[in-house]
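Accompanying notes for the structure given below.
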Amino acid sequence: MNSKVLLIYTGGTIGMRRNSLTGALEPFDFEHLISCVPELEQLQTKIDFCQFNPPIDSSDMSPALWTELVHIISRHYDEVDGFVILHGTDTMAFTASALSFMLQNLTKPVILTGSQLPIGQLRTDGKENLITSIEIAAAQHPDGTAVVPEVCVYFGGHLMRGNRTTKQSAEEFNAFESFNYPHLADAGVNITYHRERILKPDFTQPMKPFFRLDNNVIIFSLFPGIREDLIRHIIATPNLRSIVMRTFGSGNAPQTPWLINALKQGTAQGKVIVNISQCMQGAVEMSRYDAGYRLKEAGVVSGRNSTVEAAVTKLMYLQGRYDDNETVRQMMGQSLCGEI
């Protein structure tokens, strides 16, 4: 029996064409995209289609649209073996991270992909990304369970855990990398799955979708010369529940008394402040240097080796589930779906 995959087109470069008058890329309809890939007919997979109308630029992605994606996946979950989401590259890592938290005990593949060049252009990377993503979404073990029951990003020959992935280049075809977790699969002549790295859900239990996100969260980066009044203003923002603070190296910050005091005041008010390194690779270790230890004393939570994208979407998910910020604080230290 052939596998069945739902292809969800949200927008992005992969489905665009160049305006002959302005030279700018603009969204086109789904039929145009499919007509550019006649190779799809050679796949031993039945493909159903669904699209955002109108398609969106990924810069306009939002929690409301993440919820819409979860609704689409939930409605079709029992009808198909896997999902492929065509998405713009700019916010793909945010969407992949958000979906990984919103689709708990996921037992089927949800593969996000796109391209750096429109699929109708001669040197496009879109065809290979699309075709291989569909193959991965359809792949099953002999017992009928999915080979990759995770939210993933497939790009440039590599399959990566979605909530470990960051966009690393605006120009290279190898646009994404998961710096703190190895690839789940690599595609060359064959697709090589690294099965020991892939999540193993309970296939006897149903997937549990969550639709509510609370986006009362902000990200700020520390830098030499950062101003006290601005930081205090951010921390005192009404309704703000959490902060992702991007620090130096292994989780260090300036040891100026005003910064530590401001952070202490924030945590005393119940705000969850999460420490994420500005480095692409490595982990926050707040006990390694005195500068990091002082943050720990101020009540700042270690984000360990999480990406910024995973940290901010995890906070939205937890805040949507729990009114108690102390519960959110505690659960930020737990791995919910392989994100740390």
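Taking Cα atoms only, the orientation of helix 257-268 departs from the longest principal axis of the chain by about 70 degrees.
One equal scatterer on each Cα of region 176-322, no solvent, Debye formula: the resulting log10 I(q)/I(0) at q = 0.13, 0.21 Å⁻¹ is -0.68, -1.30. Over all Cα pairs of region 112-212, how is the pair count split among 10 Å bins, expressed in % and running from 0 up to the last occupied bin? Percent of pairs per bin, in order: 14, 44, 31, 10, 1. Here the accessible area of region 87-145 is 52 percent carbon and sulfur, with a 1.4 angstrom probe and all protein chains present.
Starting from 0.36 nm per residue, how many nanometres of slack lie between residue 207 and residue 174 once their C-alpha separation is accounted for?
Values: separation 33, 0.36 × 33 = 11.88 nm, distance 3.14 nm.
Net length gain for the segment: 8.7 nm.
Derived from the Cα gyration tensor, the three semi-axes of the equivalent ellipsoid of region 32-148 are 21, 20, 12 Å, largest first.
May I ask you to list the residues of region 269-293 whose amide nitrogen lies under 14 Å from a point 7 Å from Cα along the Cα→beta-carbon direction of residue 216? Taking a point 7 Å out along Cα→Cβ of residue 216, the residues of region 269-293 whose backbone N falls under 14 Å are 269-273.
Amide H contacts under 5 Å for residue 336: none, restricted to partners 5 or more places along the chain or on a different chain, H placed in the peptide plane at 1.01 Å from N. Taking the inverse of the mean reciprocal distance over all distinct Cα pairs, the Kirkwood hydrodynamic radius of region 159-243 comes to 17.5 Å.
Nothing charged except the Cβ atoms of Lys and Arg (+1) and of Asp and Glu (-1): what's the magnitude of the dipole of the chain about its Cα centre? Round to the nearest 20 debye.
Values: 29 positive and 35 negative charges, 208 e Å.
That gives the chain a dipole magnitude of about 1000 debye.
Rounded to the nearest 5, the antiparallel percentage of DSSP beta bridges internal to the chain is 35%.
Between amide H atoms placed 1.01 Å from N, distances below 5 Å from residue 221 occur with 246, all of them 5 or more places distant or on a separate chain.
The C-alpha atoms of the chain define a longest principal axis, and helix 63-76 lies at about 40 degrees to it.
Starting from the eigenvalues of the Cα gyration tensor, five times each then square-rooted, give me the equivalent ellipsoid semi-axes of region 89-143, largest first, whole Å.
Each semi-axis is the square root of five times an eigenvalue, giving 24, 18, 4 Å.
Projecting the Cα atoms of 201, 144, 247 onto the charge dipole of region 136-249, computed from C-beta unit charges around the Cα centre, puts 247 farthest toward the positive end. Accessible area per residue for region 110-219 is 45 Å², calculated with a 1.4 Å probe on protein heavy atoms, without ligands, DNA or RNA.
To the nearest ten degrees, helix 308-321 and the longest principal axis of the Cα atoms of the chain are 80 degrees apart.
Per the helix-only calculation at 222 nm, which mean residue ellipticity applies to the chain, given -39500 (n - 2.57) for every DSSP H run of n ≥ 4 and division by its residues, nearest 500 deg cm²/dmol? Let's see the in-between values first.
Numbers: 9 runs with 93 residues, N = 340.
The helix contribution divided over the chain gives -8000 deg cm²/dmol.
Extension gain for residue 288 to residue 265 (0.36 nm times residue separation, less C-alpha to C-alpha distance): 5.9 nm. Within the accessible surface of region 156-228, defined with a 1.4 Å probe on protein heavy atoms only, the carbon and sulfur portion equals 52 percent. Here the Karplus curve 6.51 cos²θ - 1.76 cosθ + 1.60, taken at θ = phi - 60°, turns the phi angles of region 193-198 into couplings of 8, 9, 4, 5, 9, 8 Hz, with x standing for Gly and Pro.
Using a 1.4 Å probe and counting only protein heavy atoms, arrange 339, 79, 171, 297 so the residue with the most accessible area comes first. Before the final figure, lay out each step's value.
Details: 339 0, 79 100, 171 165, 297 120 Å².
Descending order: 171, 297, 79, 339.
If you average 1/r over all unlike Cα pairs in region 42-100 and invert the result, what Kirkwood radius do you get in angstrom?
On the way: mean 1/r = 0.0789 Å⁻¹.
Taking the inverse mean of 1/r over all distinct Cα pairs, region 42-100 comes out at 12.7 Å.
If you sort the three axes of the alpha carbon gyration tensor as a ≥ b ≥ c, you get a/c of 1.5 or more for region 239-278 and a/b no higher than b/c, which makes it oblate. Over 28 Å apart at the Cα level, from the set 127/208; 264/314; 167/264; 127/314; 167/314, are 127/208; 167/264; 127/314.
Put simply, the amide H of residue 249, placed in the peptide plane, has neighbours under 5 Å in 278, 279, leaving out anything fewer than 5 places away on its chain.
At q = 0.09, 0.13, 0.15 Å⁻¹ the log10 of I(q)/I(0) for the chain amounts to -0.50, -0.97, -1.20, computed by Debye summation with a single uniform scatterer per C-alpha, solvent ignored.
The values are calculated or read from the model by the stated rules, or taken from the named source; none is laboratory data. From a predicted model like this one, the values you see are computed outputs, not experimental measurements. In this analysis, Cβ positions are derived from the backbone assuming ideal geometry, glycine residues included, and neighbour counts consider all displayed protein chains. SASA here: full protein model, heavy atoms, side chains in, ligands and nucleic acids out. Shrake-Rupley method; radii C 1.70, N 1.55, O 1.52, S 1.80 Å.
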